[in-house]
Amino acid sequence: MDKIRVLVIFGGYSSEYDVSLQSAYSVIENLDKKKYQVLLMGITKEGKWYRYHGNVDRILQGTWQDDLDHLRTAFISPERGAHKIIEFYMGMMDETEFDIAFPVLHGKNGEDGTIQGLLTMAGIPIAGCGVLSSALCMDKDRAHKLASLAGVKVPKSIVLRRQEADLPKFRLVGMVSELQYPLFVKPIKAGSSFGITKIFNGAQLKEAVDQAFQFDDEVIVEEQIDGFEVGCAVMGNDALTVGEVDEIELADGFFDYTEKYTLKTSSIHMPARIDSETAERIKETSKVIYHALGCQGFARVDMFLTPEKEIVFNEVNTIPGFTSHSRYPNMMKGIGMDFSSLLDNVIQLGLHPHSL
């Protein structure tokens, strides 16, 4: 039987470029080579696209773009139904067909619906969420509004637009006067906790807002939720499979970029240290959020659990960290699904969206 040709897209014009390389390496290494032929498309930090024919270890090392003998300038054909990579080498043009694209791109220009729009326009099957759900989940404010309409509790918040960035400190403090400190100040569309600041009083607000505006044109200021963060790995299109619930234990502060990728002072417990009834409520809530935001394929739904066992929505990651030790694969491992099977299911969901 012919192998299924999977185009893995990695890197990206994004602040989460380095994380993408780690995730993509794990995906490439764990795809069943008897079933899948892997094609590689890399995007540099500067936004240049290349077909990569070299050693995958250089992706993990971050030196793939220096392997000039194995790079070819390339792009994905926008012609609907073509499903082709167009690449240029020594004055010649090559075309390579593929069956499905697997974007392993975190953050802006990858997880926000942009690459999904290109692929959808070309009629290319996608492993993972589509245009609308990717865009919605990346937008913390609009995702919260839709989750709230679906009956899920969300943090109390306000939104600041770019034109409000230069307001004097007293005006900003007045705008958040209905919120209770401590507050989180976040770019509305950014991943891996970039640009997020936890503040405890109005004197810290202006600097935190300025920091967040470095990453986006809109900023959300929201109340801290007492308790701890829990997550659910969700997979599927119509019928859903949910992995074990995990729990983030923090020694102090919040789960920022450093903690997410080093766990210096925090721990992740999988399964979460909660009773079975609460775990089941969290799983059901994750399904409600997943459907409300139109997710497909896979996503990680993050929530807070308060001391009163109330569930509060935080965010959805449509392309979560995908190394073999990342949260999403570990939650699926908790229900007996190994990494290779997980990837197989994700690809089959993209190829046959309404048959699984």
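The values are calculated or read from the model by the stated rules, or taken from the named source; none is laboratory data. The structure presented is a predicted model; accordingly, all values stated were derived computationally and were not measured. No Cβ is skipped: glycine too gets one built from the backbone with ideal geometry, and neighbour counts run over all protein chains shown. Ligands, DNA and RNA are excluded from the accessible area calculation, which covers all protein heavy atoms including side chains. Shrake-Rupley method; radii C 1.70, N 1.55, O 1.52, S 1.80 Å.
Conditions: (1) closer than 14 Å to LEU7 by Cα; (2) free of Cβ contacts under 8 Å to residues at least 24 places away in the same chain. HIS83 meets all but one. Number of the miss?
Every condition holds for HIS83 apart from (2).
Taking the stated definitions as given, is THR278 in contact with a Lys or Arg (Cβ under 6 Å, 6 or more places away or on another chain) and farther than 14 Å from GLY243 by Cβ?
yes
Quick one: ARG161 ticks every box in (1) farther than 28 Å from GLU16 by Cα; (2) touching a residue at least 24 places away in the same chain (Cβ under 8 Å); (3) surrounded by fewer than 16 Cβ atoms within 10 Å (Cβ to Cβ) bar one, so which box is it?
Of the numbered conditions (1) farther than 28 Å from GLU16 by Cα; (2) touching a residue at least 24 places away in the same chain (Cβ under 8 Å); (3) surrounded by fewer than 16 Cβ atoms within 10 Å (Cβ to Cβ), the odd one out for ARG161 is (1).
Looking only at region 67-83, how many residues end up being part of a strand (DSSP E or B), over 14 Å from ILE9 (Cβ atoms) and open to solvent by 30 Å² or more (accessible area, probe 1.4 Å)? Walk me through it before giving the result.
Quick first cut of region 67-83, residues part of a strand (DSSP E or B) only: 71-76.
When the remaining residues are screened for being over 14 Å from ILE9 (Cβ atoms), the result is 71-73.
From what is left, the residues that are open to solvent by 30 Å² or more (accessible area, probe 1.4 Å) are 72-73.
Number satisfying all stated conditions: 2.
State which residue is farthest from PRO125 (Cα to Cα) when the search covers only region 210-237 and only residues that are open to solvent by 50 Å² or more (accessible area, probe 1.4 Å), outside any helix (DSSP H, G or I) and among the acidic types (Asp, Glu).
So, considering only residues that are open to solvent by 50 Å² or more (accessible area, probe 1.4 Å), outside any helix (DSSP H, G or I) and among the acidic types (Asp, Glu), the one farthest from PRO125 (Cα to Cα) is ASP226.
Is it the case that some residue within region 127-135 is open to solvent by 60 Å² or more (accessible area, probe 1.4 Å), in contact (Cβ under 8 Å) with a residue 12 or more places away in the chain and over 17 Å from PRO78 (Cα atoms)?
Within region 127-135, one or more residues are open to solvent by 60 Å² or more (accessible area, probe 1.4 Å), in contact (Cβ under 8 Å) with a residue 12 or more places away in the chain and over 17 Å from PRO78 (Cα atoms).
Which pairs have Cβ atoms under 7 Å, sit 6 or more apart or on different chains, and link a residue in region 266-295 that is farther than 15 Å from CYS137 by Cβ and touching a residue at least 60 places away in the same chain (Cβ under 8 Å) to one that is in a loop (DSSP other than H, G, I, E, B) and open to solvent by 40 Å² or more (accessible area, probe 1.4 Å)?
Short answer, once both residue conditions are applied: MET270/GLU244; PRO271/GLU244.
Take region 1-15 and flag every residue that is over 19 Å from LEU119 (Cβ atoms) and at pLDDT below 95. Talk me through it step by step, then tell me what you get.
Within region 1-15, the subset over 19 Å from LEU119 (Cβ atoms) is 1-3, 15.
Listed by number, the residues that qualify are MET1, ASP2, SER15.
If you take just the strands (runs of 3 or more DSSP E) that sit entirely in region 242-344, which of them hold at least 2 residues that are open to solvent by less than 20 Å² (accessible area, probe 1.4 Å), at pLDDT 95 or above and not acidic (Asp, Glu)?
The qualifying strands (runs of 3 or more DSSP E) are 297-305, 311-317.
Which of the residues that make up region 87-112 are small (Gly, Ala, Ser) and in contact (Cβ under 8 Å) with a residue 24 or more places away in the chain?
Once the filter is applied, which keeps residues that are small (Gly, Ala, Ser) and in contact (Cβ under 8 Å) with a residue 24 or more places away in the chain, region 87-112 yields ALA101, GLY107, GLY110.
Which condition does LEU172 not pass, out of (1) open to solvent by 50 Å² or more (accessible area, probe 1.4 Å); (2) at negative phi, if it passes all the others?
Looking at each condition in turn, LEU172 falls short on (1).
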